[in-house]
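Here is the structure we will look at, set down as structure tokens.
The values are calculated or read from the model by the stated rules, or taken from the named source; none is laboratory data. What you see is a predicted model, and the numbers here were worked out from it, not measured in a lab. In this analysis, Cβ positions are derived from the backbone assuming ideal geometry, glycine residues included, and neighbour counts consider all displayed protein chains. Quick note on the areas: whole protein, heavy atoms, side chains included, nothing else; ligands and nucleic acids left out. Shrake-Rupley method; radii C 1.70, N 1.55, O 1.52, S 1.80 Å.
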Amino acid sequence: MAGRIEDYALLGNCRTAALVSKQGSIDWLCFPRFDAPACFAALLGTPENGRWQIAPTTPVRHVTRRYHEGTLILETTFTTDEGTATLIDFMSSTFRHSSVARIVVGVKGRVTFDMDLVIRFDYGHTVPWVERHDPLTLTAVAGPDMLVLRTPTPIKARAAHSTARFSVSEGERRAFTLSYQPSHEPVAEGFDAEASLAKTEYFWHEFSSRCPDVGPWTALVKRSLITLKALTYLPTGGIVAAATTSLPEHIGGQRNWDYRYCWLRDATMTLLAFMSLGYFDEARAWRDWLARSAAGKPDQIQIMYGLGGERRLPEYELPWLDGYEDSRPVRIGNAAATQSQLDVYGEVADAMEQAIKGKLPRHRRIEAIAEVIVPFLEKAWREPDEGIWEIRAEQQHFTHSKVMAWVAFDRIAIVARDMENGREFSETCRRIADEIHAEVCRKGYDAELGSFVQYYGCKCLDASLLQIALTGFLPPDDPRVLGTVAAIEKRLMRDGLLLRYETEQGVDGLPPGEGTFLVCSFWLADVYVLLGRDDDARALFERLAGLCNDVGLLAEQYDPQAQRMLGNFPQAFSHVGIINTALNLHRVKAPAQKRAHT
């Protein structure tokens with residue numbers, strides 16, 4: 001059985017990622033890309049669905065973990081009655097191969113370890129053919145895939161497992177490397193794990209050392225920045241929402257989705273995070289990915305794309321996997337890619353304006369896309385959609401979607417003023433923005449509740465309504481905003497954290513129940529900053545920061561009652577929230593004020 005979500009740590013090489021448990025087991029790994037079929041899928045099933053564990057043979061009395069400062073190199077230190085040893089795990093930063101390296105280091109006494117390698121290609125389904133290539137090398141082949149294990153440690157075969165038992169004394173080191181390659185190619189040369197460790201350390205230090213001071217939250221921000229970098233597909237600049245699929249939003253429930261894709265919705269806040277910290281190369285790469293992915297007819301813009309901008313992300317289920325703690329189904333692909341979600345046009349326009357304000361070089365295609373979006377969106381904004389939370393039920397006139405349609409026209413109007421012959425175009429956009437604004441204030445606000453509502457005509461609330469203040473749709477001190485914040489605090493807060501919405505209302509077409517959605521609580525903290533409620537903002541932020549696991553990672557959601565993380569992990573949106581809220585509190589290049597135009 002897989003451990004709790006918060007018991008995992010992340011490994012990555014900016015092309016794919018792995019999750020390692022406190023017990024030294026890699027229970028999730030997709031080669032060679034984030035969205036490739038997993039060769040270790042024990043996270044969503046059993047050890048027989050694939051894992052790679054290196055752990056002491058005798059009972060472990062104590063376990064500690066840490067990343068090497070400023071890197072994604074993980075150290076897990078095991079203490080047993082016989083002694084202490086450390087397991088160093090990392091993914092090599094080189095582009096010559098895609099590999100995991102594991103080095104066991106004796107610290108004190110003499111510790112015996114067992115290694116259990118269970119390779120199961122195609123999401124834990126396919127048992128490969130394993131054979132010895134040379135005295136130090138095993139190969140595992142099934143169809144197009146090959147994994148190559150190299151180690152001086154003797155390996156034995158046992159019931160489709162590759163196993164070993166070995167011991168390390170103080171100062172001794174045992175190395176294991178596992179590399180992926182296409183099976184039709186000759187077995188590639190191996191690499192030196194110790195030399196790769198030094199190069200990988202340099203790669204991450206070179207990146208993270210540029211992180212500026214953010215006061216008491218510098219270490220937390222740096223860890224979140226490294227996590228965002230690790231979730232970036234470096235060849236294209238796309239950033240996946242999370243490294244996993246189907247970690248449940250409700251244990252034993254159906255809210256299990258594949259997050260190994262790139263959402264347009266993340267664009268503005270991710271750009272702000274990178275630019276505010278001075279990472280303009282990463283911001284530009286993400287902006288350029290956006291420009292390529294969104295290119296084409298405006299009515300064909302999707303809410304999410306593949307790592308390279310792929311559009312077809314068909315959703316299907318894997319019946320042979322039991323799911324994380326029996327949470328079924330396990331889904332691959334994401335049918336929400338075909339949904340209508342009006343807010344993404346606002347995110348694209350907002351990202352365009354923020355990039356220009358951040359002094360990124362202007363991108364002609366994005367400005368051209370803005371021009372063709374306008375005539376399409378002038379009609380489309382009047383229609384219902386599935387909304388920011390990607391409901392799988394009847395479309396509604398979601399207030400947040402209309403607000404973000406207003407953002408699209410507002411931001412394009414601003415940018416168009418500096419475009420050649422753009423004055424008339426800007427005035428057209430401003431007229432449409434004013435029309436949307438008036439309708440939202442008329443139909444999206446409930447005077448009886450003293451609050452904006454989730455969709456026209458309902459009495460439901462939604463944490464996305466906080467974007468009314470964060471996007472500058474209304475000033476933060478407007479009585480209608482204050483009433484909305486108060487209503488959200490009253491109805492959506494659970495143990496100091498926010499739900500997205502009340503799932504019991506049935507708007508999303510799924511069985512009720514999920515955890516608090518962490519990025520929503522970061523939004524609330526940002527609104528507190530805009531309102532001058534600094535003590536409340538700081539208290540909420542510190543509450544959220546305290547939810548990070550022992551190596552500084554956050555999932556999508558948190559269950560305050562069970563005191564555990566829920567949802568896919570680690571979640572980019574949650575770590576963007578850490579960065580932007582910390583900057584807002586630190587008052588240095590505060591993203592909330594920038595975006596809200598305050």
Q.
If I go through segment 494-509 residue by residue, how many of them are touching a residue at least 60 places away in the same chain (Cβ under 8 Å) and either more than 20 Å from Val453 (Cα to Cα) or hydroxyl-bearing (Ser, Thr, Tyr) (or both)?
A. 3
Q: Tell me which residues, restricted to segment 361-374, are surrounded by fewer than 20 Cβ atoms within 10 Å (Cβ to Cβ) and in contact (Cβ under 8 Å) with a residue 60 or more places away in the chain.
A: Pro361, His363, Arg365, Val372
Q. Between a first residue in segment 52-66 that is touching a residue at least 12 places away in the same chain (Cβ under 8 Å) and a second residue that is exposed (fewer than 15 other Cβ atoms within 10 Å of the Cβ), which pairs have beta carbons less than 7 Å apart while being 6 or more apart in sequence or on different chains?
A. Thr57/Arg165; Thr58/Asp81; Arg61/Asp81; Arg65/Asp550
Q. Do we find a residue being open to solvent by 20 Å² or more (accessible area, probe 1.4 Å) and among the hydroxyl-bearing types (Ser, Thr, Tyr) anywhere in segment 299-316?
A. yes
Q) Which of the residues that make up segment 321-342 are in contact (Cβ under 8 Å) with a residue 60 or more places away in the chain, closer than 19 Å to Ser401 by Cβ and either surrounded by 24 or more Cβ atoms within 10 Å (Cβ to Cβ) or hydroxyl-bearing (Ser, Thr, Tyr) (or both)? A) Gln341, Leu342
Q: Can you tell me which residue among Leu44, Leu74 is of a type in the set (A, V, I, L, M, F, W, C), in contact with a helix residue (DSSP H, G or I) (Cβ under 8 Å, 6 or more places away or on another chain) and touching a residue at least 24 places away in the same chain (Cβ under 8 Å)?
A: Leu44
(Q) Being in a loop (DSSP other than H, G, I, E, B), out of contact with any strand residue (DSSP E or B) (no Cβ under 6 Å at 6 or more places or on another chain) and either at negative phi or modelled with pLDDT of 95 or more (or both) is true for just one of Asp508, Asp550, Asp526, Asp535. Which residue is that? (A) Asp508
Q: Have a look at Pro570, Pro479, Pro511, Pro475 and point out the one that is within 27 Å of Leu19 (Cβ to Cβ) and open to solvent by 10 Å² or more (accessible area, probe 1.4 Å).
A: Pro511
Q: Could you please find all residues in segment 154-178 being more than 36 Å from the chain's Cα centre (by Cα) and of a type in the set (S, T, N, Q)?
A: Ser167, Ser169
Q. Can you name the number of the only condition in (1) open to solvent by 20 Å² or more (accessible area, probe 1.4 Å); (2) outside any loop (DSSP other than H, G, I, E, B); (3) under 23 Å from Leu465 (Cβ atoms) that Glu542 fails?
A. (3)
Q) Could you say whether any residue in segment 187-194 is open to solvent by 30 Å² or more (accessible area, probe 1.4 Å), within 16 Å of Ser276 (Cβ to Cβ) and outside any strand (DSSP E or B)? A) no
Q: Could you grab me the full set of residues in segment 1-19 that are over 16 Å from Ala42 (Cβ atoms), open to solvent by 10 Å² or more (accessible area, probe 1.4 Å) and in a loop (DSSP other than H, G, I, E, B)?
A: Arg15
**Q.** Residue under evaluation Arg260, criteria (1) in a loop (DSSP other than H, G, I, E, B); (2) open to solvent by 20 Å² or more (accessible area, probe 1.4 Å); (3) among the basic types (Lys, Arg), criterion not met
**A.** (2)
Q | strands (runs of 3 or more DSSP E) completely within segment 93-184 that count 1 or more residues being buried (at least 21 other Cβ atoms within 10 Å of the Cβ), among the polar types (S, T, N, Q) and modelled with pLDDT of 95 or more | A | 98-118, 173-182
Q: Identify the residue in segment 335-380 that is of a type in the set (Ser, Thr, Tyr) and assigned to a helix (DSSP H, G or I) and, among all such residues, is farthest from Ala273 (Cα to Cα).
A: Thr338
**Q.** Selection status of Gly546, without any contact (Cβ under 8 Å) to a residue 24 or more places away in the chain and more than 28 Å from Pro384 (Cβ to Cβ)
**A.** yes
Q | Scope segment 202-261; condition under 26 Å from Pro37 (Cβ atoms) and of a type in the set (D, E, K, R); matching residues | A | Lys229, Glu249, Arg255, Asp258, Arg260
(Q) Quick test of your reading of the structure: Ile388 fulfils all but one of (1) assigned to a helix (DSSP H, G or I); (2) modelled with pLDDT of 95 or more; (3) within 24 Å of Lys594 (Cβ to Cβ). Name the failing condition by number. (A) (1)
Q: Of all residues in segment 482-493, count the ones that are assigned to a loop (DSSP other than H, G, I, E, B) and either touching a residue at least 40 places away in the same chain (Cβ under 8 Å) or open to solvent by 70 Å² or more (accessible area, probe 1.4 Å) (or both).
A: 0
Q: Output yes when any residue across segment 447-461 is polar (S, T, N, Q), in a loop (DSSP other than H, G, I, E, B) and out of contact with any strand residue (DSSP E or B) (no Cβ under 9 Å at 6 or more places or on another chain), and no when none is.
A: no
**Q.** Residues of segment 93-146 satisfying the condition of being under 18 Å from Asp192 (Cα atoms), among the hydrophobic types (A, V, I, L, M, F, W, C) and touching a strand residue (DSSP E or B) at 6+ places or on another chain (Cβ under 6 Å)
**A.** Val100, Ala101, Ile103, Val104, Val105, Leu136, Leu138
Q. Among the listed residues Gly422, Gly472, Gly483, Gly450, which satisfies the condition of being in contact with a His (Cβ under 6 Å, 6 or more places away or on another chain) and more than 30 Å from Ile251 (Cα to Cα)?
A. Gly472
(Q) I'd like the residue in segment 34-68 that is among the charged types (D, E, K, R) and outside any loop (DSSP other than H, G, I, E, B) and, out of all such residues, is nearest to Val111 (Cα to Cα). (A) Arg61
Q. Within the bounds of segment 523-537, is there any residue that is hydroxyl-bearing (Ser, Thr, Tyr), open to solvent by less than 30 Å² (accessible area, probe 1.4 Å) and under 30 Å from Gly323 (Cα atoms)?
A. no
Q.
Given the options Arg442, Arg417, Arg431, name the one that is open to solvent by 80 Å² or more (accessible area, probe 1.4 Å) and in contact with a Lys or Arg (Cβ under 9 Å, 6 or more places away or on another chain).
A. Arg417
